[in-house]
Every structure is written in structure tokens, then in C-alpha cells.
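**Student:** The structure follows.
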Amino acid sequence: MIRRLLKKALDHAGMVARTFENGKELLSAMDELEPGVILLDIRMPEMDGLEVIETMGPKTRYHAVLMLSSHGDISTAVRAMRAGAIDFVEKPVSIAVLIDRIRQLHQLTEQWQGDRTTHGEAKLRLDLLTEREKEVAGNVARGLSNKDIARKMGISPRTVEAHRARLMLKLKVTSLADIVRLFVHTTKDA
């Protein structure tokens, strides 16, 4: 009954909600779910919410998991957060507060998706470079001058300039800041 009530409230609020009878059903459907928010209750039939989130493992990086519990204690909340939950809410909670929190978490999942996309695009662009160009680009991103890079790599400053010009063309960037940004996006966790 609560599941139907929440689905109706979320649908009314303009969100697309999908419900599952139990944690096993959710886990079997994980690969077909779009990134978004997953609302789990600690007490559920067959598998409790903690077992479900622990089984989800790295998939929690695509879904912001919000845990609900009427018997929340600190150790349960800590265990849920360590398993990947983003938030832990004690029941009773008003539908309006819950919907607001789900909206906030949905924005977070959109940001994660954007970060993953940016990371992927940056990696693809850097993959166009030769190993030598990557080495030059990495040193440029660290703030080294052409002379410092030349000394470090055992090549002439003119060769560094030539590599730098080619890598900027390949990467379609026009500034040092753009190179740094590409390297930052590839070193972040995707």
C-alpha cells in the first residue's frame, strides 16, 4: 500500500517511478534501469534494504540510494552509507519532504552522468595523442615550462614546442587551461 501511495505521489509530482515487490526483483532489473534515485526501506520482504544495497555494489554509482527506516540507529545508517547510500531518512516522513529529497538526489545523479560523460570525452580526446605527446601534455598540465619539459624529457625546447602544437591541434584546444581541464577530467573517478 505504501509503495502504491509513493508511486502515485511521485507520478503526480512529474517523476517517473517504478516499483518492485522486493529487493530481488529490483536487483534483477538493475541493468535495465536508467540512472536515477532508488528508494529502499530497511525492512523489506526476502532481502532487507541493507542486503540489497550491499549486493548492488558499484552500481550505486549510477543510482543515488535513499534509505528509509522506522528503526534507524547509527550503526545501521553508517552501514548503509558505507555500502553506497547517499541519505538515510527516518520514518515517519512527509511525502512532500520525501519528494523534495528525491528531486535533490535526482539532480545529483544528473551531475554524475555529466561527469562520466565529460570524463569519457576527455579520455577519448587524449587517446588520439602519441605517447610522446601525452607525456608533453601531462607535463604542460603540471605547469612545467617548455624548457623544463625539454630538460626532463631529454629533447630540445623546439621539439617540445612542435609536440605541444600538434597535441593542441589534435585535442582541439587553444589554451593551457584547456589541456589542464582535460587532464583533470581523466584523473577523476568516473
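**Student:** Trp112 passes all but one of (1) at pLDDT 80 or above; (2) open to solvent by less than 70 Å² (accessible area, probe 1.4 Å); which number fails?
**Tutor:** Trp112 satisfies every listed condition except (1).
**Student:** Here is a further query. Kindly indicate whether any position in the range 116-126 is open to solvent by 70 Å² or more (accessible area, probe 1.4 Å), modelled with pLDDT under 80, under 30 Å from Asp41 (Cα atoms) and part of a helix (DSSP H, G or I). Give the derivation first.
**Tutor:** Initially, the range 116-126 is screened for residues open to solvent by 70 Å² or more (accessible area, probe 1.4 Å), giving 121, 123-125.
Adding the requirement that they be modelled with pLDDT under 80 leaves 121, 123-125.
Next, from what is left, pick out any that are under 30 Å from Asp41 (Cα atoms): none.
Checked against the condition, which is being open to solvent by 70 Å² or more (accessible area, probe 1.4 Å), modelled with pLDDT under 80, under 30 Å from Asp41 (Cα atoms) and part of a helix (DSSP H, G or I), the range 116-126 yields no hits at all.
**Student:** Related question: For Lys91, are the conditions met, namely being at pLDDT below 85, closer than 30 Å to Ala150 by Cα, touching a Ser or Thr at 6+ places or on another chain (Cβ under 8 Å) and surrounded by fewer than 17 Cβ atoms within 10 Å (Cβ to Cβ)?
**Tutor:** No, not satisfied.
**Student:** Now for a different question. Need pairs with beta-carbon distance below 8 Å; first residue open to solvent by 60 Å² or more (accessible area, probe 1.4 Å) and within the range 1-12, second of a type in the set (Gly, Ala, Ser); sequence gap 6+ or separate chains.
**Tutor:** Taking only residues 6 or more apart or on different chains, the pairs are Lys7/Ala17; Asp11/Ala17.
**Student:** Report, by residue number, each residue of the range 149-175 that is more than 34 Å from the chain's Cα centre (by Cα) and open to solvent by 60 Å² or more (accessible area, probe 1.4 Å).
**Tutor:** Result: Arg151, Lys152, Gly154, Arg158, Glu161.
**Student:** Then there's this: Test Ala85 against the criterion of being crowded, with 18+ Cβ neighbours inside 10 Å and modelled with pLDDT under 80, and give yes or no.
**Tutor:** When the stated conditions are applied, Ala85 does not pass them.
**Student:** Need a quick list: helices (runs of 4 or more DSSP H) entirely within the range 1-78 having at least 1 residues that are at pLDDT 85 or above and within 21 Å of the chain's Cα centre (by Cα).
**Tutor:** Those helices (runs of 4 or more DSSP H) span 23-29, 49-56.
**Student:** Go through the range 139-148 and give me each residue that's part of a helix (DSSP H, G or I) and surrounded by 16 or more Cβ atoms within 10 Å (Cβ to Cβ).
**Tutor:** Those that are part of a helix (DSSP H, G or I) and surrounded by 16 or more Cβ atoms within 10 Å (Cβ to Cβ): Asn139, Val140, Ala141, Asn146.
To keep it simple, each residue is scored yes or no on (1) surrounded by fewer than 15 Cβ atoms within 10 Å (Cβ to Cβ); (2) farther than 15 Å from Arg18 by Cα; (3) not acidic (Asp, Glu).
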position: Asp31; (1), (2), (3): yes, no, no
position: Glu34; (1), (2), (3): yes, no, no
position: Leu39; (1), (2), (3): no, no, yes
position: Ile42; (1), (2), (3): no, yes, yes
position: Ile53; (1), (2), (3): no, yes, yes
position: Gly57; (1), (2), (3): yes, yes, yes
position: His63; (1), (2), (3): no, no, yes
position: Ile74; (1), (2), (3): yes, yes, yes
position: Ala77; (1), (2), (3): no, yes, yes
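The values are calculated or read from the model by the stated rules, or taken from the named source; none is laboratory data. A quick note: this is a predicted structure, and the numbers were derived from the prediction, not measured. Cβ coordinates were reconstructed from backbone atoms using ideal geometry, including for glycine residues, and neighbour counts include every protein chain displayed. Ligands, DNA and RNA are stripped out before the accessible areas are found, and what is left, the full protein with its side chains, is counted by its heavy atoms. Shrake-Rupley method; radii C 1.70, N 1.55, O 1.52, S 1.80 Å.
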